[in-house]
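*Asks:* Mind looking over this structure? Questions follow.
The values are calculated or read from the model by the stated rules, or taken from the named source; none is laboratory data. Because the structure is predicted, anything quoted here is derived from the model rather than measured. Glycine gets a Cβ as well: all are built from the backbone with ideal geometry, and neighbour counts include every protein chain shown. The area values use the complete protein model at the heavy-atom level, side chains included, leaving out ligands, DNA and RNA. Shrake-Rupley method; radii C 1.70, N 1.55, O 1.52, S 1.80 Å.
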Amino acid sequence: MKAWIEKERLDGEVVDCLTLILPTRGCSWDSCYMCSYTSDSDRSADQEKVYSEFLNAVEKKHADIAKIFTSGSFFDDREVERSTREKIYRKAKKRGFRKIVVESRPEFINERTVEEIANSGIEIEVGMGLETSSDTVREHLINKGFTFQDFKNASRMLRGVARVKAYLLLKPPFLTEKEALKDVFKSIEDVKGHADLISLNLMTVHSKTPVEGLYRRGLYRPPWLWSAVEVLKRADVELICDPVAGGKRRGPHNCFRCDADVVREIKAFSLTQDKSVFSTECDCIERWKLALRAESLTESFIFS
Ligand code: SF4
Ligand SMILES: [Zn+2]
C-alpha cells in the first residue's frame, strides 16, 4: 500500500498529513475518460485486508490529518463496508488525528452516510469529483455519470456534518486552453456556494484511457501550468492545487525550463493562499498566450 507524509492546511495552519491509498476493489463507476485508478485497485481485497493496511499505515506514521483514498468511493459499501469505516474512525481518533479526508461519488451520500459521519467522533472532509459545473462537459467530455444537481444534493446533505471539497478538472479533452479556463472560472462561481473548499485538479494523461488515445494521436495537450496560475491568482475562494506530474510531458507543463519553479509556487500557494508567491517569469508565457488564441471546434456545442 502507498502511504506518505505531506503538508496540508488545517484551520489556517500548515500541518502534517498522512496520505494513504487503501487497496479496495476500486471504483464502481470506472468509466471516466481520463481515469485509470482501477488499475491501482485490488479486486481480491477483503475488509480484513483493507483495515489491516490502514492500521499498518497509522501505526507507523503520525500526522494531524489522514487522507484516506481508495481509488474510488470511501462510502461505497462494496469498497469499504460501514463496519470497516467505523473501525477506521475510532482508530484515527485514538491515534490523535484531528481530521480525516475521504473521497466519494455523490450517489453514495444518503441519510445513513450523514448519520454515520455525525456519529464518527472525528472531523471529516469529503471530496467529490464534480470536475465542472457544466453538465454538457461532464457528460460528453468526461463521462462522469452524475449531474451538477446530484453533487448539490449530496453537498447539502453533507454540509451539516462534514466539510465538502469539490474537485474541478482543468482541461477535459476536446476543450481548447481558453475554453478550459472559461469552464473552470464559471465552475468556481457556480460551486462556491456548495462547497467549503475547491481543489483544482490539472489533467494528467493516465495510461490505457481514452484521453491517452487522443494524446498519442497529437489531439490532446495537458494544461499549461500558466493556466493553473491564472486560476489561482484570480480566485476569491479557498482554492488548492497539487500539480500531479507537473512539468512532465503527460502532466500539466510549460516549457520544461520554468516548470519546477512554477510547480513549487503552486504548492506554496495551496498551503498559504498567498498570491505573492507567484513570481516566476519565463518567455514561454508568450507561447501560452498564443495557445489561448487557438480556434475551437466545439465552442458552439459546449457553451451554447
Ligand atoms: S469516479 Fe473517480 S475513480 Fe471513478 S472512474 Fe471517475 S475519476 Fe475514476
Ligand atoms: Zn517556461
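*Asks:* Nothing charged except the Cβ atoms of Lys and Arg (+1) and of Asp and Glu (-1): what's the magnitude of the dipole of the chain about its Cα centre? Round to the nearest 20 debye.
*Replies:* For the chain, the charge dipole is close to 500 debye.
*Asks:* On to the next question. Would you grab the residues whose amide H sits under 5 Å from the one on Glu131? Only those 5+ places off in sequence or on another chain, please, with H modelled 1.01 Å from N.
*Replies:* Residues meeting the amide H criterion: Tyr167, Leu168, Leu169.
*Asks:* Moving to a separate point now. Which residues does a label at Ala291 reach in region 165-201, if reach means a backbone N under 18 Å from a point 7 Å past the Cα toward the Cβ?
*Replies:* Under cut-off, by backbone N: 169-185, 200-201.
*Asks:* Past 31 Å, Cα to Cα, is the threshold; run Lys144/Lys182; Lys49/Lys267; Lys60/Lys233; Lys91/Lys248; Lys87/Lys275 against it and keep the listed order.
*Replies:* Lys49/Lys267; Lys60/Lys233; Lys91/Lys248; Lys87/Lys275, as the Cα separations exceed 31 Å there.
*Asks:* Determine the calculated [θ] at 222 nm for the chain from helices alone, applying -39500 (n - 2.57) to every DSSP H run no shorter than 4 residues and normalising by the residue count; nearest 500 deg cm²/dmol.
*Replies:* Roughly -10000 deg cm²/dmol at 222 nm, from the helical runs in the chain.
*Asks:* Residue by residue through region 136-144, which ³J(HN,Hα) values in whole Hz follow from phi under the Karplus form 6.51 cos²θ - 1.76 cosθ + 1.60 (θ = phi - 60°), with glycine and proline marked x?
*Replies:* Working through the residues one at a time gives 5, 5, 5, 6, 8, 9, 10, 6, 7 Hz.
*Asks:* Which FRET efficiency, nearest 0.05, do Arg78 and Glu139 yield, Cβ-Cβ r, R0 30 Å?
*Replies:* Computed FRET efficiency for Arg78 and Glu139: 0.80.
*Asks:* Obtain the nm distance between the two label points defined at Phe256 and Val15 by a simple spin-label model: each point lies 7 Å from its Cα along the Cα-to-C-beta direction.
*Replies:* 4.1
*Asks:* Counting only heavy atoms of protein chains, what accessible area per residue, in Å², does the chain have with a probe of 1.4 Å?
*Replies:* 46
*Asks:* Taking R0 as 25 Å, what FRET efficiency do you get between Arg163 and Glu86 from their Cβ-Cβ distance, rounded to the nearest 0.05?
*Replies:* The calculated FRET efficiency here is 0.80.
*Asks:* Whole Å is fine, so just give me how far the alpha carbon centre of region 47-93 lies from that of region 123-192.
*Replies:* 25
*Asks:* What part of the accessible area of region 2-302, given as a whole %, is carbon or sulfur when the probe is 1.4 angstrom?
*Replies:* 48
*Asks:* In nm, give the distance between the simple-model label positions of Ala118 and Ser279, each being 7 Å from the Cα along the Cα-to-Cβ direction.
*Replies:* 5.0
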